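I have placed the structure first, in the form of structure tokens, so that the comments after it can refer back to it.
All of the numbers you see were taken from the coordinates with simple rules; none came from a lab. Given the structure is predicted, the values throughout are model-derived calculations rather than measurements. Don't worry about glycine lacking a Cβ; one is built from the backbone with ideal geometry, like all the others, and counts go over all protein chains shown.
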Amino acid sequence: MTQHFDAPEYALRKSRAIAAIKSEGLDALLMFAPESQYWICGYDTFGFALFQCLVLTAKGDLHLLTRNPDLRQARLTSTLSDAEIHIWDDVEGMNPAADLARLLSDLGVSGRIGYEGQTAGLTDYNGQQVRALIPDLVESTEIIRAQRRIKSNAEVDMHRRAAALSDDALDAGIAATRAGAFEGDILAAMQGAVFEGGGDYAGNEFIIGSGEGALLCRYFSGRRHLDPSDQLTLEWSGAYARYHAAMMRTVIVGEPSDSHKRMHAACAEALQACETAIRPGNPMGDVFAAHAKVFDKHGFSHARLKACGYGMGAIYNPIWVDFPMFYEGNPLLMQVNQVFFLHMILMDSDSGDAMTLGHSVLVKPDGIERLSRHGLGLITC
């Protein structure tokens, strides 16, 4: 078996999950989120794109229903035995939801059943099939998500390794950035640094955009060469054992304009204000308020976004966002050993200028620890 944590770690996670299920008055939880499946038993696959479900009962039974191509995947990566792995067949007229209903019957589950509906691991169509055959399901995505937010010391170590890979990727990207450089070469250098350091693919594509594309904070297809005077926005994350530590920078090619300097100064001030606002027991909305206050003071209310970061964890496609997010009024209280990505983003469509600054932090009893070794200075090439 190939797992990233020892047996006591997985046993503790399972016991916490069982306690949470019982506290909600459930007899079982249907886990469709790949993050939940990975967290509780190590099962690691992109097979969630098709139907698969991990069942945890209040009695402590843990069983996987998946397709044949993932049989060996489950054997290799998870703590599950062969008796706990069940295969639904690819045949015309198949309905894996029926196999799931039979599995629950075989396990003696007949009471209240929770399920994870807020995940890319359960399509609307499959969800309809499940609810038709297993009625009165209780939406319970938050059960495992809440457990995953607070990282164990072993998980924090994984985040630290991911952060080191993020730093290495930035170093490689800067070394490849110059007037005339091809965006594809910069991406290759950054992604290559992660792989060379023993890391994984991240939960979404690395984001790169120059010129007017620097004002976009999403990946898009197409590549260009950098001009002698240019702006290059990068958002990326090292990933180690699926754990992430995202970063973000806008790099200036040539001499930075006064506008870029002012925007960068505001981003640095806003990022530090957000770090100060992160305290265990404080609501996440306080962090967004600190971010907005700084940007608005500097006259950038028109250029800032409506969120300034989110949780980090062991996360799968399509995005590396591990909810919750920092947005206005979010009442969720922050806790020790959470990991967050803070991103300060200014996209000024009027001037055509962009500036970003971001890194990941660990929540400590008295504040935060920056996971990146890089400072907050404006990067020029």
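Quick one: pull the percentage of alpha-carbon pairs in segment 249-381 with a separation above 18 Å. Let's see the in-between values first.
Values: 4646 of 8778 pairs.
Counting every Cα pair in segment 249-381, those more than 18 Å apart make up 53 percent.
Applying the Karplus relation 6.51 cos²θ - 1.76 cosθ + 1.60 with θ = phi - 60° to segment 168-177 yields 3J(HN,Hα) values of 4, 5, 5, 4, 5, x, 4, 4, 8, 9 Hz, where x marks Gly and Pro. Each label point was placed 7 Å from the Cα along the Cα-to-Cβ direction; for Asn282 and Arg16 their separation is 2.4 nm. Working ranking of peptides 364-377, 17-30 by packing, defined as the average number of other Cβ atoms within 10 Å per residue, highest first, is 17-30, 364-377. Close amide H contacts of Asp353 (hydrogens built in the peptide plane, cut-off under 5 Å, sequence separation of 5 or more or a different chain): Asp348.
What is the packing order of peptides 339-348, 121-130, 297-306, 62-71, taking the mean over residues of other C-beta atoms within 10 Å and listing the highest first?
Taking the mean over residues of other Cβ atoms within 10 Å, the ranking is 339-348, 62-71, 121-130, 297-306.
To the nearest µm²/s, what D does Stokes-Einstein give for segment 183-303 at 10 °C and 1.306 mPa s, using the Kirkwood radius over alpha carbon pairs as Rh?
Details: Rh = 16.3 Å.
Translational D for this selection: 97 µm²/s.
The simple spin-label model puts a point 7 Å past each Cα toward its Cβ; for Glu142 and Lys261 those points are separated by 4.9 nm. Sequence-ordered 3J(HN,Hα) estimates for segment 356-367 from the Karplus curve with 6.51, -1.76 and 1.60 and θ = phi - 60° stand at 9, 7, x, 7, 9, 9, 9, 7, 10, x, 10, x Hz, glycine and proline given as x.
Amide hydrogen proximity for Thr141: with H placed 1.01 Å from N in the peptide plane, the residues at 5 or more positions away or on another chain lying under 5 Å are Gly117, Gln118. Sequence-distant contacts, meaning Cα pairs under 8 Å at least 6 residues apart, place the relative contact order of segment 35-98 at 31 percent. For the residue pairs Lys306/Lys364; Lys14/Lys364; Lys261/Lys293; Lys22/Lys306, alpha carbon separations beyond 29 Å are given by Lys22/Lys306.
Just to verify a number: FRET efficiency for Ala98 and Tyr125, C-beta to C-beta distance, R0 = 22 Å, to 0.05?
Numbers: r = 14 Å, r/R0 = 0.65.
Once rounded, the FRET efficiency stands at 0.95.
Need the full-extension length gain, Leu133 to Ile150, defined as separation in residues times 0.36 nm minus the C-alpha distance. One decimal, nm.
Working: separation 17, 0.36 × 17 = 6.12 nm, distance 3.43 nm.
So the chain would gain 2.7 nm between Leu133 and Ile150.
If you take all other residues with their beta carbon under 10 Å from the beta carbon of Gly313, and give Lys and Arg +1 and Asp and Glu -1, the sum is +2.
Write down the Å³ per residue value for the convex hull defined by the alpha carbon atoms of segment 107-254. Spell out each step's value before the answer.
Numbers: hull volume 22.0 nm³, N = 148.
Cα-based convex hull of segment 107-254, divided per residue, equals 149 Å³.
When the alpha carbon coordinates of segment 150-370 are projected onto the principal axes, the ranges are 47, 43, 26 Å, largest first. Scalar couplings 3J(HN,Hα) for segment 86-102, obtained by applying the Karplus form with A = 6.51, B = -1.76, C = 1.60 to θ = phi - 60°, are 10, 10, 9, 8, 7, 9, 4, x, 5, 8, x, 4, 5, 4, 5, 4, 5 Hz; x denotes Gly and Pro. Tell me, how many Å apart are the Cα centres for segment 1-59 and for segment 192-246? Going from one Cα centre to the other spans 31 Å.
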